[in-house]
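Nothing in this text is a laboratory measurement; each read-out follows from the coordinates by a stated rule. Remember, it's a predicted structure, so these values are computed and weren't measured experimentally.
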Amino acid sequence: MLDQAEHILAPVGLPAAPLAAPAAPPGLLGRTRELARLQAVARRAIRGVQLVLVSCDAGGGKTTLLDVFRVAQAAAGWTTALGRCPEADGAPPGWAWREVVEEVLAAHPADPALLARLDNFRTGSGPSAPEQTFWLARAMVDLLTGAAVRERPLLLVLDDLHRADGQTLQLLRSVVEGTGGHRC
Ligand SMILES: Nc1ncnc2c1ncn2[C@@H]1O[C@H](COP(=O)(O)OP(=O)(O)O)[C@@H](O)[C@H]1O
Ligand SMILES: [Mg+2]
């Protein structure tokens with residue numbers, strides 16, 4: 001169920017004690033193996049960015065599994081952020097990343113200069129040309145790799161990636177590259 005690509009980045013801080021494999025909560029049937037694999041990837045994140053693709057048929061339990069994993073990581077001291085690719089038409093381009101940026105900023109307020117670089121994406125129509133997307137991606141990388149965010153390990157979840165628009169995917173590529181990984 002899990003496909004994994006590893007990416008190298010300067011290390012982020014992790015709690016000193018190894019994290020226990022999350023216990024599957026009541027109501028979650030099975031998935032202990034998948035949860036353990038996600039937890040193992042999280043432990044490797046101490047060495048750099050890890051990218052995991054979770055795939056299965058619709059209704060197979062991707063969102064449920066990642067919700068459980070996200071809650072477990074948050075309880076273990078991680079900053080977590082979730083972005084969903086909307087089913088409805090009309091959402092601004094890159095919507096999932098807008099949700100991610102808001103959650104990260106709520107946990108780690110950024111300085112005014114960085115906020116200014118993100119402002120059009122957060123409150124306006126966002127980038128309308130490839131060059132603007134490039135500069136937005138640079139700002140997002142600066143946010144995600146900034147000293148404040150790196151005080152704690154960070155988990156980003158992009159759900160329903162099969163519905164992602166072009167800007168969401170371009171930002172994913174740029175953020176992975178910009179944080180030290182290579183293209184997925
Ligand atoms: N491991 C599981 N144990 C119990 N219920 C599950 C499990 N995985 C999924 N479900 C249930 O199945 C339904 C579809 O799961 P969901 O996570 O939304 O699938 P997907 O995101 O892959 O489309 C939901 O009602 C969810 O509560
Ligand atoms: Mg889902």
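Return the long-range amide H neighbours of Asp159 (sequence gap of 5 or more, or a different chain), with a cut-off of under 5 Å between placed amide H atoms. HN-HN under 5 Å from Asp159: Gly83, Arg84, Cys85.
Between amide H atoms placed 1.01 Å from N, distances below 5 Å from Val49 occur with Leu9, all of them 5 or more places distant or on a separate chain. Computed from the Kirkwood radius of its Cα pairs, the Stokes-Einstein diffusion coefficient for the stretch 71-111 at 20 °C and 1.002 mPa s stands at 188 µm²/s. Applied to the stretch 78-90, the Karplus parametrisation 6.51 cos²θ - 1.76 cosθ + 1.60 on θ = phi - 60° returns per-residue 3J(HN,Hα) values of 7, 7, 10, 8, 10, x, 10, 7, x, 7, 6, 6, x Hz, with x for Gly and Pro. Here the Karplus curve 6.51 cos²θ - 1.76 cosθ + 1.60, taken at θ = phi - 60°, turns the phi angles of the stretch 154-167 into couplings of 10, 10, 10, 10, 10, 8, 6, 5, 5, 9, 5, 7, x, 5 Hz, with x standing for Gly and Pro. Rounded to the nearest whole angstrom, the semi-axes of the ellipsoid equivalent to the stretch 27-184, taken from the Cα gyration tensor as √(5λ), stand at 26, 19, 14, largest first. Residues whose amide H lies under 5 Å from that of Thr80, counting only those 5 or more places away or on a different chain, are Leu155; hydrogens are built 1.01 Å from N in the peptide plane.
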